[in-house]
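Data first, discussion second: the structure below is written as structure tokens.
The values are calculated or read from the model by the stated rules, or taken from the named source; none is laboratory data. Keep in mind that what you see is a predicted model, and the values were worked out from it rather than measured. Here the Cβ is made from the backbone with ideal geometry for all residues, glycine too, and neighbour counts use every protein chain on show. Each accessible area value is taken on the protein alone, full model and side chains, heavy atoms only, with ligands, DNA and RNA left out. Shrake-Rupley method; radii C 1.70, N 1.55, O 1.52, S 1.80 Å.
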Amino acid sequence: MTQEDINRGEWAAFCESFGREHQDWLVNVEVLHQNGAKEIVGHSAVLENIAVAGEGEVPRKVLISITKTRDEKRVYEVPQPDAMRLTRNDRGADDTLTIESDNGDTTTICLH
């Protein structure tokens, strides 16, 4: 496995490309909170989009849009992102996208 840190100035373009490339893929979205609690935001959900909200070089949040059924759409907000990292498997395919918040929480999107 290899990891690539995504430069902050490239987050918006990266998220647009990542969301477009992996749109309609099944994903698990999990948050490991700073206090050690684990939250499952979506399990075997369909990725609709991922986007950065904010102006210029200071992203305020990352928006992860997922659906479980036609009636169950969810947009999860990663507040105050501080770091973004892409992990690829041994074959070079995208495996996980990890977003760290400045509050110590870590959100992971695992691709199926």
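Within segment 34-84, restricting attention to residues that are in contact (Cβ under 8 Å) with a residue 60 or more places away in the chain and open to solvent by less than 30 Å² (accessible area, probe 1.4 Å), which residue is farthest from residue 12 (Cα to Cα)?
Of the residues in segment 34-84, the ones in contact (Cβ under 8 Å) with a residue 60 or more places away in the chain are 34, 41, 44, 47, 81, 83-84.
Imposing the further condition that a residue be open to solvent by less than 30 Å² (accessible area, probe 1.4 Å) reduces the set to 41, 47, 81, 83-84.
Values: 41: 22, 47: 17, 81: 12, 83: 13, 84: 11 Å.
My answer is 41.
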Inset, instruction - Would you check if there is a residue in segment 5-28 being touching an Asp or Glu at 6+ places or on another chain (Cβ under 7 Å), open to solvent by less than 80 Å² (accessible area, probe 1.4 Å), aliphatic (A, V, I, L, M) and within 25 Å of residue 90 (Cα to Cα)? - result: no
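Yes/no per residue for (1) more than 20 Å from residue 2 (Cβ to Cβ); (2) not in a loop (DSSP other than H, G, I, E, B); (3) not aromatic (Phe, Trp, Tyr):
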position: 44; (1), (2), (3): yes, yes, yes
position: 54; (1), (2), (3): yes, yes, yes
position: 92; (1), (2), (3): no, no, yes
position: 97; (1), (2), (3): no, yes, yes
Legend entry - Criterion (in contact with a Lys or Arg (Cβ under 8 Å, 6 or more places away or on another chain), at pLDDT below 95 and either assigned to a strand (DSSP E or B) or of a type in the set (S, T, N, Q) (or both)) met by exactly one of 74, 60: 74
Legend entry - Of the criteria (1) within 12 Å of the chain's Cα centre (by Cα); (2) open to solvent by less than 70 Å² (accessible area, probe 1.4 Å), which one residue 93 fails: (1)
